[in-house]
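Student: Would you mind keeping the following structure in view while I ask a few things?
The values are calculated or read from the model by the stated rules, or taken from the named source; none is laboratory data. Not measured: the values here are computed from a predicted model. In this analysis, Cβ positions are derived from the backbone assuming ideal geometry, glycine residues included, and neighbour counts consider all displayed protein chains. Side chains included, ligands, DNA and RNA excluded: accessible areas come from the protein's heavy atoms. Shrake-Rupley method; radii C 1.70, N 1.55, O 1.52, S 1.80 Å.
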Protein chains: 2
Amino acid sequence: MEAELTFRMAGPEDVGKILFFIRALAAYEKMEDQVVATEELLRKWIFEERKAEVLFAVAQGKEIGFALFFHNFSTFLGRAGIYLEDLFVLPEYRGRGYGKAILKKLARLAKERGCGRLEWWCLDWNRPSIDFYLAMGAEAMEDWTVYRVAGEALDALAAE
Amino acid sequence: MEAELTFRMAGPEDVGKILFFIRALAAYEKMEDQVVATEELLRKWIFEERKAEVLFAVAQGKEIGFALFFHNFSTFLGRAGIYLEDLFVLPEYRGRGYGKAILKKLARLAKERGCGRLEWWCLDWNRPSIDFYLAMGAEAMEDWTVYRVAGEALDALAAE
């Protein structure tokens, strides 16, 4: 089924489409109230500051999925990796292998760029996704937890 | 005690010092055998490809700690954050608040750059560090686990 899928990197003219996918993902996760991103912010941070990249998956001339990723860095490997922040396929296009096709595209991109790893995170209750990742050869970094300082706590730490 | 501490961003001439700190951290974590980074790789990925930045903490004219960080990206916030990959203070300079001083410096940098978050990860058995982070206002992202495809699994996924 994948033969019909093509890929293209998003450009500044795509900020509306990127925001559409971010909101669609947030709606799917029932977290729409947390989205404060705007087209202006995405234009600045993705296409001017270049802190992330966006890949669209295209079927029948339409963007049906997106992946937003950036480069992370491994000190032990001494090189960058690709960190997949968000991947979303429109619900009506699920079950055709498009999610896996996007991950494979990112794996090829990682190899082309000389990166040592492809990483992402997943909610612990999302068992179908976890089983899918493990079957793909992914390793769960079970012993680690991410800590986050944001909002007022970040203001306070910066001002301390 | 912090008054004596100053900071400077590392440049290409510092790759030897950066590798020294990476190896010191790996030795501390008993993972020295996992370090394949070289000065050449660090020069390429940090100072040519610009995929990470390194901050040195300096006391009495000597680099006594380092932080290696890069920018990550939040789709919900629509902006970048700072992700702290490694922080290490030489054992003989511990207990003087230098670790916290480095985190505060990174929080200021995050605010200066307009970033929404400062994040890092920590081993789950490292209770003293976790308590320290929580007291600082950090939130543990308990419901999430990072998945990693690397090495032969990455080759296989890219070639599939």
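Student: What's the total number of residues in the stretch B:50-65 that are open to solvent by less than 30 Å² (accessible area, probe 1.4 Å), closer than 30 Å to A:Phe47 by Cα and not in a loop (DSSP other than H, G, I, E, B)?
Tutor: Qualifying residue count for the region: 3.
Student: Additional query: Any residue that is at the interface with chain A (Cβ under 10 Å from one of its Cβ atoms), open to solvent by less than 90 Å² (accessible area, probe 1.4 Å) and closer than 24 Å to B:Leu123 by Cα - is there at least one of those in the stretch B:38-46?
Tutor: Filtering the stretch B:38-46 down to residues at the interface with chain A (Cβ under 10 Å from one of its Cβ atoms) leaves B:38-46.
Filter once more, so that each one left must be open to solvent by less than 90 Å² (accessible area, probe 1.4 Å): B:38-39, B:41-46.
In the following step, the residues that additionally are closer than 24 Å to B:Leu123 by Cα were identified as none.
No, every residue in the stretch B:38-46 fails to be at the interface with chain A (Cβ under 10 Å from one of its Cβ atoms), open to solvent by less than 90 Å² (accessible area, probe 1.4 Å) and closer than 24 Å to B:Leu123 by Cα.
Student: Moving to a separate point now. When you look at A:Leu134, is it in a helix (DSSP H, G or I), under 21 Å from B:Glu142 (Cα atoms) and either β-branched (Val, Ile, Thr) or at the interface with chain B (Cβ under 7 Å from one of its Cβ atoms) (or both), yes or no? Steps first, please.
Tutor: Values: in a helix (DSSP H, G or I): yes; under 21 Å from B:Glu142 (Cα atoms): yes; either β-branched (Val, Ile, Thr) or at the interface with chain B (Cβ under 7 Å from one of its Cβ atoms) (or both): no.
Here the answer is no, as A:Leu134 does not meet what is asked.
Student: Quick one: which of B:Gly81, B:Gly114 is at the interface with chain A (Cβ under 9 Å from one of its Cβ atoms), open to solvent by less than 10 Å² (accessible area, probe 1.4 Å) and either in contact (Cβ under 8 Å) with a residue 24 or more places away in the chain or of a type in the set (A, V, I, L, M, F, W, C) (or both)? If you could, list the steps in order and put the result at the bottom.
Tutor: Details: B:Gly114 fails: open to solvent by less than 10 Å² (accessible area, probe 1.4 Å).
Selected residue: B:Gly81, the only one of B:Gly81, B:Gly114 that is at the interface with chain A (Cβ under 9 Å from one of its Cβ atoms), open to solvent by less than 10 Å² (accessible area, probe 1.4 Å) and either in contact (Cβ under 8 Å) with a residue 24 or more places away in the chain or of a type in the set (A, V, I, L, M, F, W, C) (or both).
Student: Criterion first (under 17 Å from B:Arg94 (Cα atoms), surrounded by 13 or more Cβ atoms within 10 Å (Cβ to Cβ) and over 15 Å from the mean Cα position of the chain (by Cα)) does B:Leu5 satisfy it?
Tutor: Numbers: under 17 Å from B:Arg94 (Cα atoms): yes; surrounded by 13 or more Cβ atoms within 10 Å (Cβ to Cβ): yes; over 15 Å from the mean Cα position of the chain (by Cα): yes.
Against the criterion (under 17 Å from B:Arg94 (Cα atoms), surrounded by 13 or more Cβ atoms within 10 Å (Cβ to Cβ) and over 15 Å from the mean Cα position of the chain (by Cα)), B:Leu5 qualifies.
Student: Restricting to the stretch A:84-104, what's the tally of residues that are part of a helix (DSSP H, G or I), more than 9 Å from chain B (Cβ to nearest Cβ) and open to solvent by less than 70 Å² (accessible area, probe 1.4 Å)? Spell out the reasoning first.
Tutor: At the first step, the residues of the stretch A:84-104 found to be part of a helix (DSSP H, G or I) are A:91-93, A:98-104.
If we keep only those that are more than 9 Å from chain B (Cβ to nearest Cβ) as well, we get A:91-93, A:98-99, A:101-102.
Remaining after also requiring open to solvent by less than 70 Å² (accessible area, probe 1.4 Å): A:93, A:98-99, A:101-102.
Total meeting the criteria: 5.
Student: Let me ask another. Among B:Gly16, B:Gly61, B:Gly65, which is the only one that is closer than 18 Å to B:Arg96 by Cβ and free of Cβ contacts under 8 Å to residues at least 24 places away in the same chain? Step through it out loud before you land on a result.
Tutor: Numbers: B:Gly16 fails: closer than 18 Å to B:Arg96 by Cβ; B:Gly65 fails: free of Cβ contacts under 8 Å to residues at least 24 places away in the same chain.
Result: B:Gly61 is the single residue among B:Gly16, B:Gly61, B:Gly65 that is closer than 18 Å to B:Arg96 by Cβ and free of Cβ contacts under 8 Å to residues at least 24 places away in the same chain.
Student: Another one. Scan A:Arg108, A:Arg96, A:Arg117, A:Arg113 and give me the residue that is at pLDDT below 95, under 23 Å from B:Ala159 (Cβ atoms) and out of contact with any Pro (no Cβ under 9 Å at 6 or more places or on another chain). Lay out the reasoning, then the answer.
Tutor: Numbers: A:Arg108 fails: at pLDDT below 95; A:Arg117 fails: at pLDDT below 95; A:Arg113 fails: at pLDDT below 95.
The conditions single out A:Arg96.
Student: Give B:Phe56, B:Phe70 a once-over and let me know the one that is more than 13 Å from chain A (Cβ to nearest Cβ), under 16 Å from the mean Cα position of the chain (by Cα) and closer than 23 Å to B:Leu118 by Cβ.
Tutor: Working: B:Phe70 fails: more than 13 Å from chain A (Cβ to nearest Cβ).
The conditions single out B:Phe56.
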